[in-house]
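Okay, structure first, notes after.
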Protein chains: 4
Amino acid sequence: MTLIVLNFKTYLESTGLQALRLAEICEDISRDYSVQMVVVPQAADIQAISKAVKIPVYAQHVDGVGYGGFTGHVTAASLKAAGATGSLINHSERRLKLAEIEASISACRQAGLKTIVCTNNVATTRAAAALQPDYVAVEPPELIGSGIPVSKASPEVIVNSVEAVKGIAPQVGVLCGAGITHGEDLRSALELGSVGVLLASGIIKAKDQRKALEVLVTGDIQ
Amino acid sequence: MTLIVLNFKTYLESTGLQALRLAEICEDISRDYSVQMVVVPQAADIQAISKAVKIPVYAQHVDGVGYGGFTGHVTAASLKAAGATGSLINHSERRLKLAEIEASISACRQAGLKTIVCTNNVATTRAAAALQPDYVAVEPPELIGSGIPVSKASPEVIVNSVEAVKGIAPQVGVLCGAGITHGEDLRSALELGSVGVLLASGIIKAKDQRKALEVLVTGDIQ
Amino acid sequence: MTLIVLNFKTYLESTGLQALRLAEICEDISRDYSVQMVVVPQAADIQAISKAVKIPVYAQHVDGVGYGGFTGHVTAASLKAAGATGSLINHSERRLKLAEIEASISACRQAGLKTIVCTNNVATTRAAAALQPDYVAVEPPELIGSGIPVSKASPEVIVNSVEAVKGIAPQVGVLCGAGITHGEDLRSALELGSVGVLLASGIIKAKDQRKALEVLVTGDIQ
Amino acid sequence: MTLIVLNFKTYLESTGLQALRLAEICEDISRDYSVQMVVVPQAADIQAISKAVKIPVYAQHVDGVGYGGFTGHVTAASLKAAGATGSLINHSERRLKLAEIEASISACRQAGLKTIVCTNNVATTRAAAALQPDYVAVEPPELIGSGIPVSKASPEVIVNSVEAVKGIAPQVGVLCGAGITHGEDLRSALELGSVGVLLASGIIKAKDQRKALEVLVTGDIQ
């Protein structure tokens, strides 16, 4: 089933009560159109959302630290307790050190959380795949929030990432990020070998979020 | 009223359901002994706790960013929506850049959240006070988690901090951190001019957390 | 004497041999026009430049660590040994944590190096002044490299910074940064109460660096 | 030829004039014992050392940024101009983000500098090898500066790292770091499949640095 991961970032339209409302829309879309949606709200919003919806709720970031003196860090244990089932790691807006990425993946694995490591090009995709997360999401930074889909601007980044991951850790799924908004973007992403997409502003800032998601999954022209 | 701020850090004994249980104990102590307790759980635990207790719930960290593309950051808006009424900033386990501290204080002010900026010595206390948070908490790093109270090991750090803050921003309250566990530590801290204490492991790792808090606030010998 | 600090950044026109040549131009200007120029090259360029010129050579960054296991850090001792006599600290392109700024200032003081702490607004200027460096350089980030002088765009930032520093640490000099290029910018900066300016691209990227500096210090129209 | 990389860190015994003296000792050892020594001084010491010795001089850290507005960063171009021929990247005392490691390697490649990426375990070694630097140096953090050689404490870390690198990027050499001091440590490191060692305190803090190096390369009992 096509995987559609919606990063809520810290937009007004996806914080607090609006985050809850958006997660419920995503649940409807997931059910009505037979796609697997994953919602990715801020840490403080996870608890309410995971109680309200049945689709997977991922965190936007997790630190590779355990129980102890780590004030202000986001632990896998606290995410798990709040109902999350996975986490983004190393998003372009929250880059981590190499050793931290490895520690975060380990911490998630131990807590039973899925992991999506974000990368910026083929070389870092290779490196991230070598750490064996569940997914790698390739997002050329210059396209994030641009509305220009990576599948159109740089299809070779996706193709070469899929190829590279196959050679290093074939069980790791590749997600296509950056600039994805419309149905054709999703279709191209899948044709290029990715198992799904990582989206954000294209949906969240849409005048009608539900409609934007429907257009994405049905491939209708908006 | 004496202010007692309990930093939950990321200990097993103060994560998830145990965080909730500990917050309820703090609420009892607050009521029974007429002290003002503040609980400081992890971001993902704030929502459940703020629904369950009436004492203030602070975050352990807040980023100085607003609505927008700030994946993995902790925004004042999300904390507020989850029920927090304040935040630690620049804890020794989560140090921030100077410009970030200023931005975090501004973000909290706008969202109506109280701020406690942590510092490591008299010079940084002076600098933090110049940014006019609600409180500055002085914690010599070498004493954190040591069980040796700063009020005994380096009383001059507290006295000089209180003095320095008076000269720069007299409305800012000084909290005494690092190594505080027993009733006499609390008493000394107040005598040295602070308005309260910032505690963590001494209470959280105690065999009986409730008893440890009672001993702290009553000044009974443990 | 008016203080003119030229940050070489990492431009092609101010790296390696070109850094050396630019430093020699600055030395000429310093002598011919009775201004105090300070050159601020990259760490690896300091040694050759400090041997070649008699004007002060500052580093662009210094870490607040001493002798020991601090691979990849820039120590005050190594800068001193290479001939530097001071350092920028916390430049907007190399922001530091509050505790690090304090440690860097201490390390420089011990090594006999002068310190210029960069700040982004009046609040952080207040905080930096509380740490008592030799100078604070105020640079609103949005004006850096813009060609729009802070003295024109936001004169109140300079005036209020000078005022704030007077109240907290009157011995600290205020430098005016961001967007300074022409003679009138320098004049305004001095009239607003600063003791000099911190410049970069306006001079370094000029077609004729010597001419650009002459225009700056003589106030001739370019 | 066996590769012996000596990280000068920021020790008193390897800063400024003492760095120069130590580099000259390394040059003697390199010639007298037919090993390939590489010295790794602080950035500000590179210029004087690279003029004085003929063995390779590497930097301790390099940023993945180019010409432009990157105040306080260490560029490959400035290192090259100062005479360096390579650089450590991501040392445990100066960890970098994954995207930064990739950018640093690219910057070095463009400038004609060799690269040694430091890693902390087999998983990060795999990831670093995927980025195709010239060398990967594996250093379990708990053994750095311990005097306990990784080749004795955790030989499987070296064996598995060598194996992992072979599978991903066979042209990348593996260096053995952490705790290496004596001749037998060097011998074990080579027997386990590494092409050399990365050393620091064991030599630098030795009462007689020359003697310590001789003992290392000859395998004599100290």
Starting from the stretch D:113-135, keep only residues that are over 17 Å from C:THR71 (Cβ atoms), then list their pairs with residues that are open to solvent by 40 Å² or more (accessible area, probe 1.4 Å) and outside any loop (DSSP other than H, G, I, E, B) whose Cβ atoms are within a distance under 6 Å, requiring at least 6 positions of separation or different chains.
D:VAL122/D:ASN160; D:ALA130/A:ARG126; D:ASP134/D:LYS114
Just the residues that are farther than 11 Å from D:ILE4 by Cβ, in a loop (DSSP other than H, G, I, E, B) and open to solvent by 20 Å² or more (accessible area, probe 1.4 Å), please, taken from the stretch D:181-217.
D:THR181, D:HIS182, D:LEU192, D:GLY193, D:LYS205, D:ALA206, D:LYS207, D:ASP208
Scope the stretch D:179-190; condition out of contact with any strand residue (DSSP E or B) (no Cβ under 6 Å at 6 or more places or on another chain) and either under 15 Å from D:VAL215 (Cα atoms) or free of Cβ contacts under 8 Å to residues at least 40 places away in the same chain (or both); matching residues:
D:GLY179, D:THR181, D:HIS182, D:GLY183, D:GLU184, D:ASP185, D:ARG187, D:SER188
Residue check, D:ILE144 at pLDDT below 95 and over 15 Å from the mean Cα position of the chain (by Cα):
no
For the stretch A:1-44, enumerate the residues that are over 13 Å from A:ILE204 (Cβ atoms), within 12 Å of another protein chain (Cβ to nearest Cβ) and touching a residue at least 12 places away in the same chain (Cβ under 8 Å).
A:GLY16, A:LEU20, A:ALA43
Could you please find all residues in the stretch D:179-209 being of a type in the set (A, V, I, L, M, F, W, C) and within 24 Å of D:LEU20 (Cα to Cα)?
D:ILE180, D:VAL197, D:LEU198, D:LEU199, D:ALA200, D:ILE203, D:ILE204, D:ALA206
Within the stretch A:74-83, is even one residue under 14 Å from A:PHE8 (Cα atoms), touching a strand residue (DSSP E or B) at 6+ places or on another chain (Cβ under 7 Å) and at the interface with chain B (Cβ under 9 Å from one of its Cβ atoms)?
no
Filter result for B:GLU93 (at negative phi, more than 7 Å from every other protein chain (Cβ to nearest Cβ) and out of contact with any Leu (no Cβ under 7 Å at 6 or more places or on another chain))
no
Give the number of residues within the stretch C:34-57 that are more than 21 Å from D:THR71 (Cα to Cα), open to solvent by 20 Å² or more (accessible area, probe 1.4 Å) and either assigned to a helix (DSSP H, G or I) or modelled with pLDDT of 95 or more (or both).
4
Collect the residues in the stretch D:1-30 that are at pLDDT below 95 and part of a helix (DSSP H, G or I), keeping them in residue-number order.
none
Can you spot a residue in the stretch A:121-144 that is assigned to a helix (DSSP H, G or I), at the interface with another protein chain (Cβ under 7 Å from one of its Cβ atoms), open to solvent by 10 Å² or more (accessible area, probe 1.4 Å) and among the acidic types (Asp, Glu)?
no
Checking B:VAL35 against (1) more than 23 Å from B:HIS182 (Cα to Cα); (2) in contact with a helix residue (DSSP H, G or I) (Cβ under 8 Å, 6 or more places away or on another chain), the condition it does not meet
(1)
Residue by residue through the stretch C:19-50, note down the ones that are over 20 Å from C:VAL215 (Cα atoms) and not hydrophobic (A, V, I, L, M, F, W, C).
C:PRO41, C:GLN42, C:ASP45, C:GLN47, C:SER50
Residue count for the stretch A:84-108, restricted to those that are part of a loop (DSSP other than H, G, I, E, B) and open to solvent by 30 Å² or more (accessible area, probe 1.4 Å)
5
Could you list, in sequence order, all residues of the stretch D:62-74 that are surrounded by fewer than 24 Cβ atoms within 10 Å (Cβ to Cβ), touching a residue at least 24 places away in the same chain (Cβ under 8 Å) and closer than 23 Å to C:THR85 by Cα?
none
Go over the candidates C:ALA153, C:ALA164, C:ALA169, C:ALA178 one by one and state the one that is touching a helix residue (DSSP H, G or I) at 6+ places or on another chain (Cβ under 7 Å) and either open to solvent by 40 Å² or more (accessible area, probe 1.4 Å) or aromatic (Phe, Trp, Tyr) (or both).
C:ALA153
Which ones in the stretch B:13-33 are open to solvent by less than 10 Å² (accessible area, probe 1.4 Å) and either of a type outside the set (A, V, I, L, M) or closer than 11 Å to B:VAL57 by Cα (or both)?
B:SER14, B:ALA23, B:CYS26
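The values are calculated or read from the model by the stated rules, or taken from the named source; none is laboratory data. Owing to the predicted nature of the structure, the values given are computational and were not obtained by experimental measurement. Here the Cβ is made from the backbone with ideal geometry for all residues, glycine too, and neighbour counts use every protein chain on show. These accessible areas exclude ligands, DNA and RNA; they are computed on the full protein's heavy atoms, side chains included. Shrake-Rupley method; radii C 1.70, N 1.55, O 1.52, S 1.80 Å.
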